[in-house]
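What follows is a short report on a single structure.
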Amino acid sequence: MSSFDFQEIPKIFYSYQTQKPFSNCLVCSCYLLEDQTYIIEKALKKHPGFTAQDVIFDYAICLSCALKMRQEFSKESLEKINAYFAEHVDMNPLPPQDAPIDLDEALSQCVVKKIPLDEIANYQIYAHCQGNKLIKSIPPYLISQSAIEDLIPLISSDTQDILNGFYDRFLRPDPAMLLPKQPSDQLVFI
């Protein structure tokens with residue numbers, strides 16, 4: 001990759017706790033800011049009638065740990081998740097090599113349902129990074145709670161247990177945040 005393939009990591013993808021770029025993988029603690037490829041996930045909840053929003057959780061996970069966890073998912077769950085995204089997600093064209101990603105545009109709506117951000121209360125945003133840079137060939141994206149609720153019935157009980165175990169071990173959320181067996185308005189990790 002050339003220097004045109006990267007740009008600075010936007011502050012919205014900084015750690016809520018430190019207000020700095022994530023420096024370590026949540027799972028294996030490897031240092032991310034030199035040459036690691038990793039994913040940042042941040043779950044947010046807006047409050048109707050207010051401009052304030054809460055960060056429910058945020059973290060960075062190195063690609064190696066993310067792939068190991070994904071390999072634990074049931075084959076059936078992976079096939080259904082992949083088919084869902086293949087059917088519903090139309091990736092936006094990439095900006096010209098020398099143009100930065102327009103973050104406001106990239107995060108303006110749910111990548112799956114095309115619901116505008118101003119109509120979404122709960123959502124998750126994702127960024128793919130390498131070292132201290134955002135990878136432009138995989139622009140940041142937003143997934144609404146509505147799209148996540150569509151995925152819940154597609155995931156097997158074993159895969160739900162893996163995801164809930166990840167939450168319990170690394171994020172220690174309120175028990176109400178764990179992946180439900182039926183659709184509801186809870187946030188989940190995808």
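Laboratory data are not the source of any read-out in this text; all were calculated from the coordinates shown. Quick caveat, the model's predicted, so the values are computed rather than measured. Glycine gets a Cβ as well: all are built from the backbone with ideal geometry, and neighbour counts include every protein chain shown.
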Other-chain or far-sequence residues with amide H under 5 Å of residue 110's (modelled H): 115, 117
Note, ³J(HN,Hα) from phi for region 130-142, Karplus 6.51, -1.76, 1.60, rounded to Hz, x at Gly and Pro: 9, x, 9, 10, 7, 7, 6, 6, 10, x, x, 8, 10
Using a Förster distance of 30 Å, the FRET efficiency for residue 115-residue 50 (Cβ separation, nearest 0.05): 0.95
Relative contact order %, region 3-177, counting alpha carbon pairs below 8 Å whose residues are six or more apart: 28
Given 114/136; 75/133; 46/80; 80/133; 11/75; 11/80, the pairs whose alpha carbons are separated by over 27 Å: 75/133; 46/80; 80/133; 11/75; 11/80
Net +/- balance of residues flanking residue 43 in space, Cβ distance below 10 Å, scoring K and R +1, D and E -1: -1
Rough spin-label spacing in nm, given labels placed 7 Å along Cα→Cβ, for residue 104 and residue 72: 4.1
Within region 3-177: Cβ-based charge dipole about Cα centre, in debye rounded to nearest 20 (Lys, Arg +1; Asp, Glu -1): 340
Length released on extending from residue 63 to residue 169, taking residue separation times 0.36 nm less the Cα-Cα span: 36.3 nm
Highest-first arrangement of 31-44, 6-19, 108-121, where packing means the average Cβ count within 10 Å: 31-44, 108-121, 6-19
Anisotropy class of region 100-171 from Cα gyration tensor, a/c 1.5 cut: oblate
Theoretical gain in end-to-end length, residue 34 to residue 12 [0.36 nm per residue, Cα-Cα removed]: 5.9 nm
Prolate/oblate/rounded label for region 3-177 (Cα gyration tensor, a/c 1.5): rounded
